[in-house]
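The numbers here are math on the coordinates, done by the rules we state, and not lab data. Because the structure is predicted, anything quoted here is derived from the model rather than measured. For neighbour counting, all protein chains shown are included, and Cβ atoms are generated from backbone atoms with ideal geometry for every residue, glycine included.
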Amino acid sequence: MGASAGSDDFKDKYYTGRRNNGIYIPRFRNIGGETNQKDFTRGYGYQGGGGRSDWTKQIAEMAYGAAFKEATLKPGDWQIGLSGFGEILPYQDNKMTLDYNKLDKWGLPTVTFDATLKENELNMRKDMQQQAVEMLENAGFRDVKGHDGDYAIGLGIHEMGTARMGRDRKTSVLNENNQLHDVPNVYVTDGSAMTSAGNVNPSLTYMALTARAANHAVEELKKMNI
């Protein structure tokens, strides 16, 4: 979800190899007082970037001849895009279950996911697109268009959940050290432990959880507990 646009500027600029720098706009919704509160909880940020189109845009034309050859040598217009990254709240009914009636080829139960976007996320997505369009328009770009990728859970990156961390084994799979309640010699330190990452990249959090879990495992081994 976001927006894209074109620019008539920088016609004398191009790049090779590493492209021009990307864009990151941190969360600005639902912070800073009541005037910025929206009809959804939490918020989102944007990631994006700009670039020039190249010879591939000519392929669809099925052209040929001198004019075609000349066109393929000319860089295209500059384009810019913003894509929103929003938080999906942790919901009790967004879950995965093991299906013991449908086994895989190794005889293990298959996984069934039952999770959807709720009203909070759908309202957030509307604001994501609207704000992206307004930003690009106010920045002076042309042909600004909002886009909706029709997102569904699992199509993004850094998905969270399925083995949540907690102190109660009735409502969580892992304890506070990312260790299975029921199998103490197994640790899970990826996004499974987390119910939400907010709207930011959680990779550094994974690394911190892993370092902590590894340290805990070493200490437990020394004590002959695992």
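For the stretch 158-226, compute Rh as the Kirkwood radius over C-alpha pairs and then the Stokes-Einstein diffusion coefficient at 4 °C and 1.567 mPa s; write the answer in µm²/s, rounded to an integer.
On the way: Rh = 12.3 Å.
For these conditions, the coefficient is 106 µm²/s.
Assuming 0.36 nm per residue, please report the length gained on full extension of the stretch PHE28 to TYR91 beyond their Cα-Cα distance.
Values: separation 63, 0.36 × 63 = 22.68 nm, distance 2.34 nm.
Stretched fully, the PHE28-TYR91 segment lengthens by 20.3 nm.
Ratio to report: Rg/Rh of the chain, with Cα atoms as the point set and Rh obtained by the Kirkwood method; give two decimals.
Values: Rg = 23.7 Å, Rh = 21.6 Å.
So for the chain, dividing Rg by the Kirkwood Rh gives 1.10.
What residue among GLU70, GLU134, GLU87 shows peak mean-square fluctuation when the chain is described by a Gaussian network model with Cα springs under 10 Å?
Result: GLU70 has the largest fluctuation of those listed.
What is the distance, in nm, between label points placed 7 Å from the Cα along the Cα-to-Cβ direction at TYR15 and at ALA211?
The modelled label-to-label distance comes out at 3.1 nm.
What nm value, rounded to one decimal, do you get for the distance between THR72 and LEU108 when each label is placed 7 Å out toward the C-beta?
Calculated label separation equals 4.8 nm.
Which residue fluctuates most in the GNM of the chain (Cα springs below 10 Å): ILE25, ILE157, ILE88?
ILE157
Could you name the aspartates and glutamates whose alpha carbon sits less than 20 Å from that of LYS11, not counting residues in the same chain fewer than 8 places away?
ASP54, GLU70, ASP77, GLU137, ASP143
As a quick test, which of the pairs LYS13/LYS145; LYS95/LYS126; LYS95/LYS118; LYS105/LYS170; LYS170/LYS223 have an alpha carbon distance above 21 angstrom in this structure? Present the calculation step by step, with values, prior to reporting the outcome.
Details: LYS13/LYS145 24 Å; LYS95/LYS126 25 Å; LYS95/LYS118 13 Å; LYS105/LYS170 30 Å; LYS170/LYS223 27 Å.
Over 21 Å apart, Cα to Cα: LYS13/LYS145; LYS95/LYS126; LYS105/LYS170; LYS170/LYS223.
How many nm is it between the label spots at ASN138 and ASP99, if each spot is 7 Å from the Cα in line with the beta carbon?
Each label point lies 7 Å from its Cα, and together they span 4.8 nm.
Taking the highest mean first, how do the peptides 96-104, 182-190 order by number of other beta carbon atoms within 10 angstrom per residue? The partial results should precede the final answer.
On the way: 96-104: 10.4, 182-190: 14.8.
Highest-to-lowest ranking by the protection proxy: 182-190, 96-104.
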